[in-house]
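Before any comments, here is the structure.
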Amino acid sequence: MADAHPIPGADRVATAHEMIARYNAQDADAYVALMTEGACEAGYRGAVLREGREGVRAGLKAMFAEFPQNRADILSSYLLGDTVVLHEKVARSPEAEPFEVMSIYSFDDDGKVDRVEFIR
């Protein structure tokens, strides 16, 4: 029987998973559609890597051009309050040594991603 009470925040986990699906499809436009205008991607507690929706779009398009076989696989997902953390394995190409990353997704009140921070 289906649970009549959805898990609070489950939609945020679904959004983070959808972002990875769009990332793997190398669709920067669809990826940033799930973000706020002022969203950014940054190193954990560090410098902003891509600023604003347009900065993220441009950065992803450049990376996808450089690594056309880039792929991220979700190893596990965590939800604490409104924050989602994904443990991912990323490979730039089938021949490249994969690396692991923790991605921390923060959301605005409307459920759009406002910030993604990476621990690598």
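The numbers here are math on the coordinates, done by the rules we state, and not lab data. The structure presented is a predicted model; accordingly, all values stated were derived computationally and were not measured. Don't worry about glycine lacking a Cβ; one is built from the backbone with ideal geometry, like all the others, and counts go over all protein chains shown.
Summary table below
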item: Pair-distance profile P(r), taking every C-alpha pair of the chain, with 10 angstrom steps and integer %; result: 14, 46, 32, 7, 1
item: Lys, Arg +1 and Asp, Glu -1 on Cβ, resulting dipole of the range 41-120 about Cα centre, debye, nearest 20; result: 220
item: Folded to 0 to 90 degrees: helix 10-24 orientation relative to the chain principal axis, Cα; result: 20
item: Of the chymotrypsin sites (Phe, Trp or Tyr not before Pro) in the range 7-46, those whose Cβ has at most 15 other Cβ within 10 Å and which sit in DSSP loop; result: TYR44
item: Inter-centroid distance (Cα atoms) of the range 12-50 relative to the range 72-93, Å; result: 12
item: Highest-fluctuation residue, LEU49, LEU80, LEU34 considered, GNM on the chain with Cα pairs under 10 Å; result: LEU80
item: Relative contact order of the chain, pairs being alpha-carbon contacts under 8 Å that are 6 or more residues apart, as %; result: 25
item: Between 0 and 90°, nearest 10: helix 52-66 axis offset from the chain longest Cα axis; result: 50
item: Per-pair calculated FRET efficiency, R0 = 22 Å: MET102 and GLU51 via Cβ, rounded to 0.05; result: 0.60
item: Against the rule of thumb 2.2 N^0.38 Å, how large the Cα Rg of the range 74-120 comes out; result: 1.32
